[in-house]
1. Please enumerate the residues belonging to the stretch B:6-21 that are in contact (Cβ under 8 Å) with a residue 60 or more places away in the chain and not aliphatic (A, V, I, L, M).
2. I'm trying to understand the selection: among the residues of the stretch B:89-110, which are within 20 Å of B:Lys17 (Cβ to Cβ), more than 10 Å from every other protein chain (Cβ to nearest Cβ) and either open to solvent by 10 Å² or more (accessible area, probe 1.4 Å) or in contact with a His (Cβ under 9 Å, 6 or more places away or on another chain) (or both)?
3. Looking at the stretch A:40-79 only, could you name the residues that are touching a Ser or Thr at 6+ places or on another chain (Cβ under 9 Å), more than 16 Å from A:Tyr92 (Cβ to Cβ) and either assigned to a loop (DSSP other than H, G, I, E, B) or hydrophobic (A, V, I, L, M, F, W, C) (or both)?
4. Return the pairs, sorted by first residue and then second, in which the second residue is basic (Lys, Arg), the first residue lies in the stretch A:48-59 and is within 11 Å of chain B (Cβ to nearest Cβ), the beta carbons are less than 7 Å apart, and the residues are 6+ apart or on different chains.
5. Return the only residue of A:Ser50, A:Ser9 being open to solvent by 50 Å² or more (accessible area, probe 1.4 Å) and hydroxyl-bearing (Ser, Thr, Tyr).
6. Need the failing condition index for B:Gly43 against (1) part of a loop (DSSP other than H, G, I, E, B); (2) in contact (Cβ under 8 Å) with a residue 60 or more places away in the chain; (3) crowded, with 18+ Cβ neighbours inside 10 Å, just the number.
7. Going by what's in this entry, would B:Gly60 be described as surrounded by fewer than 13 Cβ atoms within 10 Å (Cβ to Cβ), free of Cβ contacts under 8 Å to residues at least 40 places away in the same chain and not hydrophobic (A, V, I, L, M, F, W, C)?
Amino acid sequence: GAVVSQHPSWVICKSGTSVKIECRSLDFQATTMFWYRQFPKQSLMLMATSNEGSKATYEQGVEKDKFLINHASLTLSTLTVTSAHPEDSSFYICSALYSGNNEQFFGPGTRLTVL
Amino acid sequence: KNQVEQSPQSLIILEGKNCTLQCNYTVSPFSNLRWYKQDTGRGPVSLTIMTFSENTKSNGRYTATLDADTKQSSLHITASQLSDSASYICVVSAKGAAGKSTFGDGTTLTVKP
């Protein structure tokens, strides 16, 4: 199957700082990528849909100014958590949509801990 | 409202035994249904993907079934191994939804020796 990578795999930061997470589709181009967050023992919650070359579409309740998404190329989307707070600590997962069969391929996730 | 419900919420079985996980959905119009395996602290990994015309698909010891009429799917795991311990997530996509999918809450499977 297609491979999606995320970087970093884990990050610890101080409250008030910003953190950038990268999502790359390694062997296919993805005009659409998705960002999820997952709390322990819960399912993935869609945060936003990232479209190459245009603004991201955010789900209800997700602050677009806090979670900045940039999809600058067909293989890279970034999520920046601005002014992070301890409640932002979570597991962030991206996925890339393979247009050939409309299948989503997920990245390995990024564990964010805000102290 | 599109919904995906999975059962059971959790399951414990002995190594070597078989088990079946259930997924009921109300997503419409239906495009495809996927089963993912998610190990703790990892991203989901695709097991099977089925479209409307497919009613069974296998991937090694994993066999998924789909009944589009009753809007039910099952994932059958045969000869379970300790490494099968994970969360299994059913994901259903609607046509024309630009890839947005509806996720089930997952079934947590624990395989004990």
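1. B:Gln6, B:Ser7, B:Pro8, B:Gln9, B:Ser10, B:Glu15, B:Gly16, B:Lys17, B:Asn18, B:Cys19
2. Residue satisfying the conditions is B:Thr110 alone.
3. A:Lys41, A:Glu52, A:Gly53, A:Asp65, A:Ala72, A:Leu74, A:Thr75
4. A:Thr49/B:Lys100
5. Checking each option against the conditions leaves just A:Ser9.
6. B:Gly43 satisfies all of (1) part of a loop (DSSP other than H, G, I, E, B); (2) in contact (Cβ under 8 Å) with a residue 60 or more places away in the chain; (3) crowded, with 18+ Cβ neighbours inside 10 Å except (2).
7. yes
Okay, residues lined up against (1) open to solvent by less than 10 Å² (accessible area, probe 1.4 Å); (2) within 13 Å of A:His7 (Cβ to Cβ); (3) at pLDDT 95 or above:
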position: A:Thr78; (1), (2), (3): no, yes, yes
position: A:Val81; (1), (2), (3): yes, no, yes
position: A:Cys94; (1), (2), (3): yes, yes, yes
position: A:Leu97; (1), (2), (3): no, no, no
position: A:Phe106; (1), (2), (3): no, no, no
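The values are calculated or read from the model by the stated rules, or taken from the named source; none is laboratory data. Predicted model, so just to flag it, every value in this text is computed and none were measured. Here the Cβ is made from the backbone with ideal geometry for all residues, glycine too, and neighbour counts use every protein chain on show. Note: accessible area is taken over every heavy atom of the protein model, side chains too, but ligands, DNA and RNA are not part of it. Shrake-Rupley method; radii C 1.70, N 1.55, O 1.52, S 1.80 Å.
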